[in-house]
Amino acid sequence: MRPLDILRTAVWSLGSNKLRSGLTLLGIIIGVTAVIALMTIGRGVQQGITARIESQGANLLFVQPGSTTSGGLSGGQGSASSLTLEDALALVDPVFAPSVEAAASQITTNAQVVAGRANTNTQVIGVTPEYSAVRNAVIETGRFISPADIQGNAQVVVLSASVSEDLFGLLSPVGQTVRINGRRFAIVGVLEDNTVGFGQSNQVLVPVTTAYYRLASQRTAQGGVSVQSINVQAASQEVMGNAELEIATILRLRHRITGDDDFVISSQQGLIETLNETTTALVVFLGTVAGISLFVGGIGVMNIMLVSVTERTREIGIRKAIGAKRRDILFQFMTEAVILTISGGLIGLVLGLSFGPLLNGRAVIGNRPMETGFSLDIAIIALVVSGAIGLFSGIYPALRAARMHPIDALRYE
Amino acid sequence: MIEINNVSKVYRMGDTELAALGGVSLTIADGEIVAFMGASGSGKSTLMNILGCLDVPTSGRYILNGEDVGTLSDDRLAEIRNTEIGFIFQTYNLLPRLTALANVELALMYGDSKNRRQRALDALERVGLGDRVRHRPTELSGGQQQRVGIARALVKSPGILLADEPTGNLDSRSGDEIMAILQELHQEGITVIIVTHETEIADHANRTITMRDGLVVADEAHAAVAATNGL
């Protein structure tokens, strides 16, 4: 029997019982739709998380001081004050650190920021001009912290969009002043609202020297300005490892370290991986639930194929009497099952994908706009899996049909 | 050439064995027209199924055109049914949802067949249904349905036609038409084997083999009665 004949016969058989074929199809459609929808949503969440983390700046390494130990009590990571502004400057060195693109030191503290009657508690970050590029802090109006501000310990501040809105509403605050810990700071700029970044919305930026001398109270033994963290941007994703080695070498030389390091280098990658593992586990769990419905759909197909084989016993007998071989009958019923599940898979694929545009841009989880992720592999997986379900659920009924004895089949009433 | 030698068929039903055929030997030469007669349960249908390669004997040998059918694989039996034997059934056994043409083409779908449409049309033309090819079985009379059945049996140009009570469900006029077609095909050299319990039908054959209780009790040659109402 020619493949085209097998196909035509199968389509004809399915078409001659449209309601039943349609209902059977429904089981597969629902299963595939659920799997596709959950996979695209899950992938979207994953991509969203990665994008948010990367929006804080690409290829970032964080250098923090090691822990202090006094009287046997460890102060925890970052408690030492061994990193200085000069360390950050030394890290940008085309000869000894070719993989480092930029380095921005920062000092973070919390303070009450007051503007007239309005006030808010927010993160005050002492930064250098490099911070803007390294951490994707883009100026909306006004200007960023300048080198002159650093030099002169200037009492100037750049507000994040949300702090600006909290304190001044829709008015532009540039040129006005705020009080931080009682000191008057001139507002020189406002940051762009960074909707994808998190942890960046509620903060104000001041020159790092100002933060050190006027707001924080840490001093180093060496007399330099000590910083809490240095954000290092590597030249590319590929050289992150090299950058880490170069940073460590420079810092060890500068700090004359022979034993344990007095600093720790970490990256975003670990955070991204952890979050990805969590969402992957969630997607796998949801996918399993959806997969069960697909499995049930497959059982539905097998059930209907068994009914169909029994109902068409006489037809099978006739076909055998006029020369159908076992494999002709086998292929005919297998093809019917596979056509059912693959067309169910195709319809489910379209339905599942249509969930994407419905959800995109809407706040589904939290207040972040959703962006579903679709790629060709999801479509291929859906079709291959539904085809496999067709084979799996069609093989037993088809074998039963193929093994029928022609005489018994012909006599069947 | 059909040769069967001491063929028996035993059906097993639980613990009891039922001998449908108890050692039958006979030879049917190419181009004969033979009628098998007997009451129901005489074994004539069982013998028919074995002759048609739908079933294999429990013991004994069946040589069809020099091939020992008992030793053949399922696939080879299917091939023989497709190319060497045409079946005509009492209940026609047409697929109800297919047109007459599609029903005839069905036989050509199995095995490698070219020119299917034309051959099917020719076969239907030959049984006088050239103007009914697009009708479904339910839109045809019993006689017409049986003619579609004959066209389907003919379309592969088999050497042997096996008709199991071909007129059993028909009025005598349609029955005569069917018998006329079968005789015509016999005249063209096809071996025609008819199973019937009606003497009038058996009279159309040149030889009548009578069976009882799974055995041949009479085998006699006679002149065939011409069909009273030819095409």
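Which far-off residues, 5 or more places away or on another chain, put their amide H under 5 Å from the one on residue B:161, with H placed in the peptide plane?
Those qualifying (amide H under 5 Å, at least 5 residues apart or on another chain) are B:86, B:191, B:192, B:193.
Can you tell which of A:17, A:181, A:360 shows the greatest fluctuation in a Gaussian network model of chain A with Cα springs below 10 Å?
A:17
Which of the three applies to the stretch B:1-112, rounded, prolate or oblate, going by the alpha-carbon gyration tensor with a ≥ b ≥ c and a/c under 1.5 meaning rounded? Mind showing how you got there, number by number?
Values: a/c = 1.70, a/b = 1.45, b/c = 1.17.
Prolate, because a/c is 1.5 or more and a/b exceeds b/c.
In angstroms, what radius of gyration and Dmax does the stretch B:68-139 have, counting Cα atoms only?
13.9, 44
What share of the DSSP beta bridges in chain B is antiparallel, in percent to the nearest 5? Please list the in-between numbers first.
Working: 23 of 41 bridges.
About 55 percent, rounded to the nearest 5.
For the stretch A:81-261, take N as its residue count and report Rg(C-alpha) divided by 2.2 N^0.38 Å.
Values: Rg = 17.1 Å, N = 181, 2.2 N^0.38 = 15.9 Å.
Cα Rg divided by the expected 2.2 N^0.38 Å: 1.08.
I'd like the orientation of helix A:268-311 relative to chain A: the angle between its Cα long axis and the longest Cα principal axis, in ° from 0 to 90, rounded to 10.
10
Would you please give the FRET efficiency between residue A:238 and residue A:18, computed as 1/(1 + (r/R0)^6) with r the Cβ-Cβ distance and R0 = 60 Å, to the nearest 0.05? List each step's numbers first, then the result.
On the way: r = 57 Å, r/R0 = 0.95.
Working from the Cβ atoms, E equals 0.55.
Over chain A, what is the mean sequence separation of C-alpha contacts under 8 Å (at least six apart), divided by residue count, expressed as relative contact order in percent? Before the final figure, lay out the partial values.
On the way: 763 pairs, mean separation 114.5, N = 413.
Relative contact order for chain A comes out at 28 percent.
Given axes a ≥ b ≥ c from the Cα gyration tensor, I'd like to know whether the stretch A:6-145 is rounded (a/c under 1.5), prolate (a/b larger than b/c) or oblate. Numbers along the way, then the final one.
Details: a/c = 3.02, a/b = 2.66, b/c = 1.14.
Judged from the Cα gyration tensor, the stretch A:6-145 comes out prolate (a/c at least 1.5, a/b above b/c).
Can you tell me what share of the DSSP beta bridges in the protein assembly as shown is antiparallel? A percent to the nearest 5 is fine.
Looking only at bridges with both residues in the protein assembly as shown, the antiparallel portion is about 70 percent.
Before anything else, pin down the relative contact order of chain B: Cα pairs under 8 Å, at least 6 apart, normalised by residue count, whole percent.
Details: 480 pairs, mean separation 64.1, N = 231.
Relative CO of chain B lands at 28 percent.
Given Cβ point charges of +1 (Lys, Arg) and -1 (Asp, Glu) and nothing else, what value in debye, to the nearest 20, does the dipole of the stretch A:81-261 about its Cα centre take? Walk me through the numbers before you get to the answer.
Values: 11 positive and 16 negative charges, 182 e Å.
Once rounded to the nearest 20, the dipole reads 880 debye.
Write down the percent of antiparallel bridges among all DSSP beta bridges whose residues are both part of the stretch A:81-261, to the nearest 5. Display every interim value, and only then the final one.
On the way: 28 of 37 bridges.
Roughly 75 percent of the beta bridges in the stretch A:81-261 run antiparallel, per DSSP.
If you count, for every residue in B:93-99, the Cβ atoms of partner chains within 10 Å of its Cβ, what is the mean?
Values: counts 7, 1, 7, 3, 6, 4, 0.
Average per residue, whole number: 4.
Please report the base-10 log of the normalised intensity I(q)/I(0) for the stretch A:279-352, using a Debye sum with one equal scatterer per alpha carbon and no solvent, at each q in 0.16, 0.18 (1/Å).
With one equal scatterer per Cα and no solvent, log10 I(q)/I(0) is -0.71, -0.81.
Based solely on C-alpha atoms, express the radius of gyration and the Dmax of chain B in angstrom.
Here Rg and the maximum Cα pair distance are 17.3, 54 Å.
Under 10 Å, Cα contacts only: if you run a Gaussian network model on chain B, which one of B:188, B:79, B:105 comes out with the highest mean-square fluctuation?
Between B:188, B:79, B:105, it is B:188 that shows the largest mean-square fluctuation.
For residue B:9, give me every one of the lysines with a C-alpha distance below 28 angstrom, ignoring sequence neighbours fewer than eight places off in its own chain.
Answer for residue B:9, where 28 Å is the Cα cut-off: A:320, A:325, B:44, listed by chain and number.
What does the protein assembly as shown give for Rg and for Dmax, in Å, if only its C-alpha atoms count?
Rg then Dmax for the protein assembly as shown, in Å: 44.4, 133.
Which of B:175, B:60, B:111 moves the most in a Gaussian network model of chain B with Cα springs under 10 Å?
The residue with the greatest mean-square fluctuation here is B:111.
Using alpha-carbon pairs under 8 Å, 6+ residues apart, how would you state the relative contact order of the stretch B:1-104 in percent? Mind dumping the intermediate values first?
On the way: 122 pairs, mean separation 27.8, N = 104.
The normalised contact order for the stretch B:1-104 reaches 27 percent.
Here, each number is a calculation from the coordinates, and none is a lab measurement. Computed from a prediction, not measured in an experiment: that's the story for all the values here. Note that we place each Cβ from the backbone using ideal geometry, even for glycine, and neighbour counts take in every protein chain shown.
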